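Only the coordinates and a few stated rules stand behind these numbers; no lab work does. Keep in mind it's a predicted model, so treat the numbers as computed, not measured. Positions of Cβ are backbone-derived with ideal geometry, glycine not excepted, and every protein chain shown enters the neighbour counts.
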Amino acid sequence: MPVIDSKPGALARSDWWRDAVIYQIYPRSFADSDGDGVGDLPGAIARLDHLRDLGVDAVWLSPFYPSPQYDAGYDVADYCAVDPLFGTLADADRLINEAHARGLRILVDLVPNHTSDEHVWFRAAIAAAEGTPERARYLFREGRGPGGDAPPNNWLSVFGGPAWTRITRPDGTPGQWYLHLFDPHQPDLDWTNPEVHEEFRRVLRFWLDRGVDGFRVDVSHGMRKAPGLPDWDASPNGLVQENAAGQRPPMWDQDEVHEIIREWHELLATYGEDRILCAEAWVAPPERLALYVRPDEMQQAFNFEYLKAPWNAAHLRSIITESSSAMAAVGAPPTWVLSNHDVVRHVSRLGLPDGVSGDGGIGVGDVQPDRELGLRRGRAATLQVLALPGVAYVYQGEEFGLPEHTELPDDVRQDPTYARSGGVERGRDGCRVPIAWEAHLPTYGFSSGGRSWLPQPTDWAPYAADAQRGVPDSTYEMYRSALALRREHALGGGTIEHLDGYTDDVVAFRNGAVTVVTTVGDTAAALPAGARVLLASGPLDGDKVPADTTVWFIS
Ligand code: NOJ
Ligand code: MG
């Protein structure tokens, strides 16, 4: 495809997705224009200049489609419309156009593993009889045991409890069970059914025709299940891999998902080489993840192994090497992700004591992160990933060093994991709290109505955009400088060489002209004589790089 020089930024290149920085907007918590306390598309449009100034290449928006919001919009009732909570289809069109006008690409979220139970298909399925085409779009099965009273198999839902719910027939008698790997309000589709394929081709075209540049594909690794839906004893959470006997869980990472992905690749290609798919696939090892980004499949896959890694130099080095080479083997860029709407924000995660992962969320009474340590390590991790070749994802608020809300009262929690796990897991609300824009306004400028769907902490003024813009050492200015230098030195498209000569708890590599050193742990490192420092995640002590610091320099 020809390069169009007249367009700014990422819009100029069809292979923009190989080295892009992509910013995740979680619409309900980004900016609220109508004052109802929930962020919306007009709110996002009004803040697009912030993203242009930050220097990102693209934006990924979590779902804004009509939904009863049992899972914050990942329960989609209509894939080709906008929920009035977030605005109108005209607002979505305007957002796409306004982003493009600023040189920003737009990715939207595709949720193909399950629909909402309010989707017309599911309503028709429960109104129809067993064995009808309406039922065949989902995974309905007879129960086991006397009266079919036990679920069809022993699978557990990711959010806790059984992965099956029994329906009641119109005459009041108990009927079949349906599969939901997530909440009962999220019935799984049957991807062996050609009608499901056809419907999602229609959905892809609908958004591609409106000008979107691609899709982040929810639960990419779950769309196909092993025939016969055999029992499986292990927990459904975390990174999926083979067990000791060499078996993969029957609900995840089945080879047949790749047939669906190849079909979509072909469809996107008819729109041009610049339209992309990014896999949300919690699979390991990297060689298995790389299958999702073979040349005729998706363009990117989130690298959750890096996100899950402890703050340990040997560990980080090996993940960097292994994920880069697994992706290179199939010609795809690696991706680097530190935070998103499903995990504890990295500046808080990295402030937890050794051995405390924070998986499942943090709440009142739990071990609290050390905020200062977490921010120091979080900034160091950020400068490490932004210097790596490949694609970097940035989650809204991380550019201000925003911490997790770790003391949300349990009675305001909305993530279904909290209730379904019986409170064992606090859930993901702490990373979804609306972000701060203006330090001195109610809701820190998030909502024009001074309301917020989750309460914000009272000490977030220092994390507001206007408290950090133009302040030299602020996290915002660190991100902005990093993105500018990343572009100037073409780091995203570079190659790295790990450097010897540092102690074991240092990660050091060269990417083109730039050397990157991270002190992971207590030992300081020395800069070589004559090093010209471009950027550092924290203050340097003469030529010493103190603990938990990343520095970029030219030598
Ligand atoms: C992954 C999404 O990121 C998460 O928020 C959601 O709960 C599940 N998929 C189910 O759609
Ligand atoms: Mg609103």
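Points worth noting:
- Mean Cβ count within 10 Å, highest first, over the residues of peptides 51-62, 464-475: 51-62, 464-475
- Note that the chain, at 25 °C in a medium of 0.890 mPa s, gets a Stokes-Einstein diffusion coefficient of 101 µm²/s from its Kirkwood radius over C-alpha pairs.
- Relative to the longest principal axis of the Cα atoms of the chain, the long axis of helix 475-488 lies at roughly 80 degrees.
- Between 0 and 90°, nearest 10: helix 89-101 axis offset from the chain longest Cα axis: 30
- Helix 371-386 and the long axis of the chain differ in direction by around 90°, with both axes built from C-alpha atoms.
- Hydrodynamic analysis of segment 183-228 uses the Kirkwood radius over alpha carbon pairs. Inserted into Stokes-Einstein at 4 °C and 1.567 mPa s, it gives a translational diffusion coefficient of 104 µm²/s.
- Computed about the Cα centre, the dipole magnitude for the chain is approximately 680 debye when only Lys and Arg (+1) and Asp and Glu (-1) carry charge, each at its Cβ.
- Each semi-axis of the equivalent ellipsoid for segment 253-358 is √(5λ) with λ an eigenvalue of the Cα gyration tensor; in descending order they amount to 29, 14, 12 Å.
- Cα pair distances exceeding 16 angstrom across segment 120-179, given as percent: 44
- Both radii are taken from the alpha-carbon atoms of segment 496-554; with Rh as the Kirkwood radius, Rg/Rh is 0.91.
- For segment 302-405, the alpha-carbon coordinates run over 46, 26, 22 Å along the three principal axes, in decreasing order.
- Dipole moment magnitude, nearest 20 debye, segment 489-555 about Cα centre, only Lys, Arg, Asp, Glu C-beta charged: 340
- Kirkwood Rh and Cα Rg combined as Rg over Rh, evaluated for segment 352-416: 1.01
- Extents of segment 86-128, largest first, come to 48, 21, 12 Å (Cα atoms, principal axes, whole angstrom).
- Between amide H atoms placed 1.01 Å from N, distances below 5 Å from Val391 occur with Thr335, Trp336, all of them 5 or more places distant or on a separate chain.
- Over all pairs of different C-alpha atoms, segment 403-555 has a mean inverse distance whose reciprocal, the Kirkwood radius, equals 18.5 Å.
- Dividing the summed -39500 (n - 2.57) terms of all DSSP H runs of n ≥ 4 by the residue count of the chain sets its mean residue ellipticity at 222 nm at -7000 deg cm²/dmol.
- Segment 11-118: proportion of alpha-carbon pairs further apart than 24 angstrom, %: 24
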